[in-house]
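The values are calculated or read from the model by the stated rules, or taken from the named source; none is laboratory data. All figures in this text were calculated on a predicted structure; none of them were measured in a lab. When we count neighbours, we look across all protein chains shown, and the Cβ atoms used for this are built from the backbone with ideal geometry, even at glycine. To get the accessible areas, we keep the full protein, side chains included, count just its heavy atoms, and leave off ligands, DNA and RNA. Shrake-Rupley method; radii C 1.70, N 1.55, O 1.52, S 1.80 Å.
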Amino acid sequence: MPSRLSRVAARGEYLFVLVLIVVSYIFCSWQTTASPSEVALLVQLVTVAVILRITGVRAQVMRVAAWILILAVLATVVIWISGSESPGVAIALSAASALAYFVAPLAIIAHQLRRNIVDLQTLLAAICAYILLGMFFTFVYNLAALLSSAPIFGDPQYNTLTSQLFFSFTTLTTTGYGSIVPETSTVQTIAIAEAITGQLFLVIALARVVTGLVPHRPPPSPEV
């Protein structure tokens, strides 16, 4: 018998997750500096909480995640109210965002592997996981930029979260416009890893959809 969480997911909550992801993407695209936004982080934490809820993670994991999210939200609110702009705060916010966007797609992928059907929710889940991967690598670049003494893309005008977001998704999709180029070997390695991850994800997701859509015929009965 399907669990309550599975029934909830089947009613279309992945569409709500997609809306939350788009909202957090918009917040990030408005950042004209390398420092992450506290409001964007709050949206990201809410998004992760919703994803963990609808994907039906284990109760023990959910409790631990709930406490971590609560503490993170409280810390974010305190930082927001205090108006602190120290480098340490920016690094902490960036690391929290990267962690949130790392956990979320893994939860979605694990949930979809447990489902035995391919439907609209499968497609929405794949889209959500794909965008979350791009957001995860965005904050990996952001963290690298905050920890580096020089701009990671050479030109200082690209040392913003908006530019990192653009570079991440052009790399994930292997579009590669070439307008933004990583300067250091570390960032170049991250970019290569993202490009490979993006292609592997598309191949696996396509195989999953095709396998689910093709009807499985029972093996022929042995001739007597």
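Remarks
- Surface analysis of region 147-211 yields an accessible area of 55 Å² per residue, using protein heavy atoms and a 1.4 Å probe.
- In nm, spacing of pseudo-spin labels at Leu18 and Val181 (7 Å Cα→C-beta vector): 3.7
- Cα convex hull of region 123-211, projected area averaged across orientations, nm²: 5.6
- Protein heavy-atom surface of region 111-197, 1.4 angstrom probe: 64% of the accessible area is carbon and sulfur, with nucleic acids and ligands not counted.
- The HN-Hα couplings worked out from phi for region 201-207 by the Karplus form 6.51 cos²θ - 1.76 cosθ + 1.60 (θ = phi - 60°) are 4, 5, 5, 5, 5, 5, 4 Hz, whole numbers, x standing for Gly and Pro.
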